[in-house]
1. Hey, what did region 169-264 get for relative contact order, percent, Cα under 8 Å, at least 6 apart?
2. With every protein chain in place, what's the accessible area of Glu221 (1.4 Å probe, Å², nearest 10)?
3. To the nearest 20 debye, what charge dipole does region 3-47 have about its Cα centre, counting +1 at the Cβ of each Lys and Arg and -1 at the Cβ of each Asp and Glu?
4. Output the direction-averaged projected area (hull surface divided by four) of the convex hull of the alpha-carbon atoms of region 165-265, in nm².
5. Which residue, Ala227, Ala254, Ala125, tops the fluctuation ranking in a GNM of the chain built on C-alpha contacts under 10 Å?
6. Treating the beta-carbon of each Lys and Arg as +1 and of each Asp and Glu as -1, no other charges, what is the dipole magnitude of region 68-211 about its Cα centre, to the nearest 20 debye?
7. Go ahead and set up a Gaussian network model of the chain, Cα springs under 10 Å, then flag whichever of Asp60, Asp238, Asp226 fluctuates most.
8. Does region 56-160 come out rounded, prolate or oblate by the C-alpha gyration tensor, with a ≥ b ≥ c the root eigenvalues, rounded set by a/c under 1.5 and, if not, prolate when a/b is larger than b/c and oblate if not?
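The values are calculated or read from the model by the stated rules, or taken from the named source; none is laboratory data. Predicted model, so just to flag it, every value in this text is computed and none were measured. Every residue, glycine among them, receives a Cβ derived from its backbone with ideal geometry; neighbour counts consider all protein chains shown. What goes into the accessible areas is simple: the full protein's heavy atoms, side chains included, and nothing from ligands, DNA or RNA. Shrake-Rupley method; radii C 1.70, N 1.55, O 1.52, S 1.80 Å.
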Amino acid sequence: MFSFSKYFLAQSLDEAYVELIKNKKNIILGGTSYLRMGNTNWNTAIDISNLNLRYISENDSYISLGAMTTFRDLEINPLLKTYFGEIFNTALKDVIGVQFRSNVTVGATVFSKYGFSDLIPALLALNAKVKLFNFGEISLENFLEEQNIRKDILVEILIPKVKLQTSFKCVRKSKTDYSILNMAVSYSKEKGITIAVGSRPTKALLAKNTMSLINSFSNLENSLTDAMKTISNEIIVDSNMRGSKSYRELLLAALLRKTIQEVLQ
Ligand SMILES: Cc1cc2nc3c(=O)[nH]c(=O)nc-3n(C[C@H](O)[C@H](O)[C@H](O)COP(=O)(O)OP(=O)(O)OC[C@H]3O[C@@H](n4cnc5c(N)ncnc54)[C@H](O)[C@@H]3O)c2cc1C
């Protein structure tokens, strides 16, 4: 179990950030489910739960997910369903149980760039951006590419408000285990296909060559055989205790076929 010497209830994001950068062992608290798995003795634990960061809102261009929004909020939100179908529900329904998903937060998950995450590939396939308190806005794709974890606060996730066909598939050894591999795909006639792969087992990324190949075909279904070869060459996967590299390579092609067929239906 983690512990901390001091507790700080922030009254504003400014206050939280000033406190955060005072000491490298100061941390922001999300739902604390992941922090509780560790034994670290932190200095100050900064609570941002009073800052109204639990919301799913919209303007003309974006749907915004506040940092303290929970997985369960995403699963049952009608606005997200209207624009992106079942992608959040499908991606998150096997993350432990409802009680757990009612506690874990979007901000902590994305900020921590967990390789095993089921949420991050879904957001990547929706072309999401990340808004950090100090740094400002950055595409999720570029944020994930950064090797270092910044000393900053994730304030919200911005998803372009464009209706998309979506699909999310993953393979798990048992219902609530981490995914061995997961894939999220979005499609619209105007924007074409976007493919994100996660649990490789490292950080999620976009399959850009495969996307270009599929988007260059006038009949997308005809591109599938070539796309399955391209994705296997393009996306580097590896072994861990959940699955071998060669098993993940087979899954890549299989999940691609299923996700593409689903978004084209
Ligand atoms: C047992 C277990 C099983 C899991 N299984 C899955 C799974 O199958 N699939 C899946 O996708 N995920 C899974 N997860 C991960 C989970 O979904 C969350 O991603 C994770 O728990 C982090 O969310 P949290 O709110 O608990 O973060 P916390 O534990 O509160 O924080 C995690 C880290 O993020 C930092 N942080 C929190 N909020 C912010 C912020 N706004 N800005 C900057 N930094 C911040 C904290 O300081 C900390 O370093 C699992 C987690 C656990 C504990």
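1. 27 percent
2. Approximately 100 Å² for this residue.
3. Its charge dipole is roughly 260 debye.
4. Spelled out: convex hull of the Cα atoms, projected over all directions, averaged, 6.0 nm².
5. Among Ala227, Ala254, Ala125, the largest GNM mean-square fluctuation belongs to Ala254.
6. Roughly 240 debye, rounded to the nearest 20.
7. Most flexible of the set in this elastic network: Asp60.
8. oblate
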